[in-house]
Structure formats: structure tokens, C-alpha cells
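Asks: The structure's right below; bear with me while I get my questions together.
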């Protein structure tokens, strides 16, 4: 897939304030400080698209970006437009309980009620062993019957052996309660690893190809 343009559209405080559901939509969410903005910028090949911050919990709204893409850079086919959505993180740091509950309700309403949502990409920090908060969040998505793909981020921050061990342990933790595991990718925003596979899945989902 070739990303032709990536344009910020709107930041919405609630599900019902989002743009009309007239394009396929792909949402990205993860624990605070998981590298979500860096991953989004890497996928879109635009370092300034999503705002990155060293402060966890910086994203507080539902952020829509309109993406225009083509099968490849030299294709003469008509471009396809879809939404990439940057969601607030879970496991928020240094926020009030009321703010946390408001964010959680906003996220749940969006995920469960957004009719054009094709896939939820859940980001997991590859530097760490399985975290309870990630496992619980994935369990909720599975309980709600939502489409899930996991992306293990920051793979360049540790050795390949440690990353592989952490991914294996995470999948083993899921197998204790899951019959079928979600698809997963390992990615690095710095090295741009995983980019082609993630974009290929998005293309497959919005074209309906097998």
C-alpha cells in the first residue's frame, strides 16, 4: 500500500461527535506511553501527523485522520479513502478518577457503537513481560465480540531475544483463557519494521480481499 495523503480531520470528545461513518475505519489504542503516535506517524510516513509526547495520557480525545491510499506508488487505480483513529490510552497516569472514568466510557462507546470500525489495533510494549492491564483490556474487547489485532511496539528498544520472549509469554498468557488468538505483528517505529504487514492487513480489510 502507498499512502498518498494523511490529513487530520477532527478531535471528538464523544462517540456521537465523530465524523459520519462513511469510510472504513481502523483504530489504534494502547497503554499510555506505548508509542502509539510514533507508530501512526511511521505508518503514514509523516513524522508530524500525530503529536508525540513524553507525558503519558496526552491523547484525550478521539482523533480522526483521513488517509488516501493506493495499492502501490505506481498504480493507476483510483485512490481509496479511509479513517485512521488515534484513541486515548488506557492505564492513564496522573489523572483524576472522574477523568479516567469519562475516558473509559468514551472509548467503550466508540469501540462498541462505531458501525464502520473494521479493526482495533491494540498496541503492547514489547519491552515488558505480560501486563495485567493489557490482558484485561483485550479480554473486554473479546467479550464484546470486536475485531482485534495486536501490535508489539518498540521492538528496537530491546534485543530480539528479549522481544521474542516477551511476545511468547504474552501469547501464552492469552492462551489460558482464549480459544483462538488474535493476529499479531512486531513493530519498531524507528526501524519501520512491521509497517508493510500492518498496511497490507488494512488494505485487505477495506477491499474485502482474502
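Asks: All but one of (1) closer than 26 Å to residue 18 by Cα; (2) in a loop (DSSP other than H, G, I, E, B) hold for residue 128; which doesn't?
Replies: So residue 128 meets the others, but not (1).
Asks: Quick one: residue 134 ticks every box in (1) closer than 18 Å to residue 43 by Cβ; (2) surrounded by 16 or more Cβ atoms within 10 Å (Cβ to Cβ) bar one, so which box is it?
Replies: Answer for residue 134: the failing condition is (1).
Asks: Could you pull out the residue among 162, 148 that is within 19 Å of residue 40 (Cβ to Cβ) and modelled with pLDDT of 95 or more? Walk me through how you get there before you give the answer.
Replies: Details: 162 fails: within 19 Å of residue 40 (Cβ to Cβ).
When all the criteria are applied, what remains is 148.
Asks: Just checking, does region 13-25 include any residue being modelled with pLDDT under 85 and part of a loop (DSSP other than H, G, I, E, B)?
Replies: Within region 13-25, not a single residue is modelled with pLDDT under 85 and part of a loop (DSSP other than H, G, I, E, B).
Asks: What tally of residues in region 183-210 results from selecting those that are assigned to a loop (DSSP other than H, G, I, E, B) and surrounded by fewer than 17 Cβ atoms within 10 Å (Cβ to Cβ)? If you could, list the steps in order and put the result at the bottom.
Replies: Quick first cut of region 183-210, residues assigned to a loop (DSSP other than H, G, I, E, B) only: 187, 189-192, 194, 208-210.
Okay, now just the ones that are also surrounded by fewer than 17 Cβ atoms within 10 Å (Cβ to Cβ), so 190-192, 208-210.
The qualifying residues number 6.
Asks: What do you reckon, is residue 53 at pLDDT below 95, in contact with a helix residue (DSSP H, G or I) (Cβ under 8 Å, 6 or more places away or on another chain) and in a loop (DSSP other than H, G, I, E, B)?
Replies: Against the criterion (at pLDDT below 95, in contact with a helix residue (DSSP H, G or I) (Cβ under 8 Å, 6 or more places away or on another chain) and in a loop (DSSP other than H, G, I, E, B)), residue 53 qualifies.
Asks: Out of 67, 40, which single residue is assigned to a helix (DSSP H, G or I), at pLDDT 90 or above and in contact with a strand residue (DSSP E or B) (Cβ under 7 Å, 6 or more places away or on another chain)?
Replies: On inspection, the qualifying residue turns out to be 40.
Asks: Given the condition touching a strand residue (DSSP E or B) at 6+ places or on another chain (Cβ under 8 Å) and closer than 30 Å to residue 23 by Cβ, answer yes or no: does some residue in region 168-182 qualify?
Replies: Yes, region 168-182 has at least one match.
Asks: Additional query: Sort through 169, 179 and tell me the only one that's farther than 23 Å from residue 70 by Cβ and free of Cβ contacts under 8 Å to residues at least 24 places away in the same chain.
Replies: Unique residue meeting the criteria: 179.
Asks: Mind counting the residues in region 76-97 that are modelled with pLDDT of 70 or more and surrounded by fewer than 17 Cβ atoms within 10 Å (Cβ to Cβ)? Reasoning before the result, please.
Replies: Looking only at region 76-97, we keep the residues that are modelled with pLDDT of 70 or more, and these are 77-91.
Next, from what is left, pick out any that are surrounded by fewer than 17 Cβ atoms within 10 Å (Cβ to Cβ): 77-79, 81.
Going through region 76-97 one residue at a time, the tally reaches 4.
Asks: For region 137-159, which positions are farther than 25 Å from residue 109 by Cβ and either touching a strand residue (DSSP E or B) at 6+ places or on another chain (Cβ under 9 Å) or surrounded by 13 or more Cβ atoms within 10 Å (Cβ to Cβ) (or both)?
Replies: 152, 153, 154, 155, 156, 157, 158
Asks: Could I ask something else about it? Answer with yes or no whether residue 118 is on the phi > 0 side of the Ramachandran plot, at pLDDT 95 or above and surrounded by 14 or more Cβ atoms within 10 Å (Cβ to Cβ).
Replies: Taking the combined requirement at face value, the residue does not satisfy it.
The values are calculated or read from the model by the stated rules, or taken from the named source; none is laboratory data. From a predicted model like this one, the values you see are computed outputs, not experimental measurements. Don't worry about glycine lacking a Cβ; one is built from the backbone with ideal geometry, like all the others, and counts go over all protein chains shown.
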